[in-house]
Amino acid sequence: MAYQEKVAVAEAVGAVEPAPTARRRKKINKEAAFGLITVLIPLIGFVVFSGFPIVISFIVMFCDMDYYNLGSIAWNNFATFQKVFTDDVFYRSLLVTLWVASAQFVSLAISLLMSVLLSKKVFGSKVFQILFFVPYVCSSIAVSIMWMWMFNDSFGIINDLLVRMFGEGARVQWFNDPSVYTWMIFIVTVWQAPGYGIVMYKAALGSVDPALYEAAQMDGANAWTQFYKITLPSIAPTTFYLLMAGVIAGLLSFDIPKLFSPLDWTGEAGPDNMGLTTVLYVYIRGMTYHDMPAASVMSWVMFVITFIASFIMFKMRNRKEREA
Amino acid sequence: MSATETAVLPAKRRKNKKVVALRAVIFAVLLLYTIFLFAPFYVTIITSLTSVEELNSSVSFIWWPKEGITFDSYKTLFTEDPFMYITTIPSLILGFINTMWMTLLTVFVSLFVSGLAAYSYSKLRFKGREKLFMLQVATMMIPTAAMTMPSFLFYDYLGWTGTVLPIIIPGLFGGASTIFFLRMYFDQMSNDTIEAAKLDGLGVFSIYVKIMIPLSIPAFVAQFIFSFVGGYNNYMGPLLYLYDDPNMWTLQLALSELTGVFSSNADKCAAAVIALVPLLIFYACLQKLFIEGISVGAGKE
């Protein structure tokens, strides 16, 4: 067979790329243009709707402005930074934020425990898994309404149970006692958040190589050692992903605190501002007081904190993977 | 021979007993957790079915209404809604309609656009493809959610505040995580069908619409479900941009405003139940897809 014939046959069966003819090249160019345009759309969207706001808020941090008028901005020599970083309420909001975000660790532990129990395939475990995801589907607004009623100081079911079990002295003034107030938001978060993690972990547990367990059993490893030495390392990527997503969501917690702690007549969100997360404070400064420079500074603080938190977890994960 | 058998049997039985006991304990823990998860639903539903008078005259929590259950609170929400003065139909119903069209429009377009980008990254050849993909993935590391509030300045500058544009338009450009997820999915698909389609003279766009989408329905469904739930439950966006006009309120916004208007907890609980029911039905119908959708993500991760 002549060389050209061979090429023609190979082309016909799709074995080699045909030689680029003029028409073919034009087609490739068209394809390349199409590809470039379609992948640029999301990137342009990001630049416009995330990039521009980030840049604007960065500039506004260093300026005074009237209301929301960007035309009125004027350099203010770091006055906004001085104001925010000497504001006790801001530090209180950071404390509340960290407190609320720490609920994500508890939520992660519950996710892991429940997924391990579900994977033991006891009676009804399929049904349990379906039920466990329900809170995650519910809107934070409806969830807040439900739990605010449960925590009600006088008529709520929680105080009713506490009083029934331990007498009138056990009644907790959930909405009036600053030392317990933040626990409400913590508990609601722990109630709502694990559903996603349970399903994620369940899938991850299912994909661990069974041969590893068999080998460990031959070596005489007990259940706890197997869990610690095989299960935990195998599901580490899932753990880091869940931790990252959870901590970011926790640090930016807004819906539940907003519903629980509307500003009262003294201008506080919960007793002693114990329901005030930083994002809620940002919202109050920006919307109620039209103070966008302060809102921008505080948003940037949260921006940096969440970025560092996710960056650390990302690095930890990479190191773990290199070790494995 | 028989001596060893009799020695083995009790040990086996003891082990079986232990396994049964362990399973019982696991079942009990799962059951207790279920009770913890569903207690709020019981409380909310029971309270929504208690009459306002009984609730007001009671000194403690009502586990079961003595005067019998009543649907008065639900009626109240649909007949005595003060925002009806502006919205003409009950704000919860209008809110549901608004939520549905805003969410569905954004989610469908976003999925289509994200899928298109994922398809280009996965199946087309062009200069800078992998570099742009790295850039797209890197955007996921930027916590843009922290900037939701300052974005208000940007949309105010565009004159978009008080309109649905800030809720809808940014979503139409697709999302990084969806692109990432769909590209992974497309990468696993063989190129044979695409090559065959090319020979049939199908263009790149037709291949996406007629071949890629139909072959990746599970991946699209998984992404659709989570975008939809996220959009349905979105609160901060509508609160920032649609708060001033009750005609544009979403369901979550209407719900939060109604609970400020109605002082009785029976009415508040009824409002919460109404807002929860559509999504719970959605979940009940598609729960298998929800679970599979997350599991696929876990496998990829």
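The values are calculated or read from the model by the stated rules, or taken from the named source; none is laboratory data. Given the structure is predicted, the values throughout are model-derived calculations rather than measurements. Cβ placement follows ideal geometry from the backbone for every residue including glycine, while neighbour counts extend to all protein chains displayed. For accessibility, only protein heavy atoms count, side chains too; no ligands or nucleic acids. Shrake-Rupley method; radii C 1.70, N 1.55, O 1.52, S 1.80 Å.
Is it the case that B:L182 is more than 20 Å from the chain's Cα centre (by Cα) and under 19 Å from A:G45 (Cβ atoms)? No: the conditions fail for B:L182.
Looking across the stretch B:42-62, the residues that are surrounded by fewer than 19 Cβ atoms within 10 Å (Cβ to Cβ) and out of contact with any helix residue (DSSP H, G or I) (no Cβ under 7 Å at 6 or more places or on another chain) come down to B:Y42, B:I46, B:E53, B:E54, B:N56, B:S57, B:S58, B:V59. Of the helices (runs of 4 or more DSSP H) that lie entirely inside the stretch B:230-300, those containing 3 or more residues that are in the same structural domain as B:F181 (by TED's automatic domain parsing) span B:236-241, B:251-261. Considering (1) at the interface with another protein chain (Cβ under 9 Å from one of its Cβ atoms); (2) surrounded by 22 or more Cβ atoms within 10 Å (Cβ to Cβ); (3) among the β-branched types (V, I, T), the lone condition that A:I256 does not fulfil carries the number (1).
Would you confirm whether or not the stretch B:75-90 contains a residue that is open to solvent by 50 Å² or more (accessible area, probe 1.4 Å), in contact with a helix residue (DSSP H, G or I) (Cβ under 6 Å, 6 or more places away or on another chain) and not in a helix (DSSP H, G or I)? Within the stretch B:75-90 (the criterion being open to solvent by 50 Å² or more (accessible area, probe 1.4 Å), in contact with a helix residue (DSSP H, G or I) (Cβ under 6 Å, 6 or more places away or on another chain) and not in a helix (DSSP H, G or I)), the answer is yes, since at least one residue qualifies. Against the test of being of a type outside the set (D, E) and modelled with pLDDT under 90, the options B:S190, B:S206, B:S151, B:S122 yield a single qualifying residue, B:S190.
Residues that are crowded, with 19+ Cβ neighbours inside 10 Å and in contact with a Cys (Cβ under 9 Å, 6 or more places away or on another chain): list the helices (runs of 4 or more DSSP H) wholly contained in the stretch A:99-172 that include at least 1 such residues.
A:140-150
Looking only at the stretch A:259-273, filter to residues that are within 12 Å of chain B (Cβ to nearest Cβ) and assigned to a helix (DSSP H, G or I); which one of those is nearest to A:W183 (Cα to Cα)? Per the criteria, the residue is A:F260. Given the condition small (G, A, S), closer than 30 Å to B:S264 by Cβ, in contact (Cβ under 8 Å) with a residue 40 or more places away in the chain and at the interface with chain B (Cβ under 7 Å from one of its Cβ atoms), answer yes or no: does some residue in the stretch A:144-167 qualify? The answer is no; no qualifying residue exists. So, restricting to helices (runs of 4 or more DSSP H) that lie completely within the stretch B:100-198, which ones have at least 1 residues that are of a type in the set (F, W, Y) and either more than 7 Å from every other protein chain (Cβ to nearest Cβ) or over 30 Å from A:N69 (Cβ atoms) (or both)? It comes to B:129-138, B:151-158, B:176-188.
Total residues in the stretch A:173-192 satisfying the condition of being out of contact with any Pro (no Cβ under 8 Å at 6 or more places or on another chain) and in a loop (DSSP other than H, G, I, E, B): the figure is 2.
Considered as a group, the residues in the stretch A:269-306 that are open to solvent by 10 Å² or more (accessible area, probe 1.4 Å) and within 21 Å of the chain's Cα centre (by Cα) include one that is nearest to B:A146 (Cα to Cα), and that residue is A:F303.
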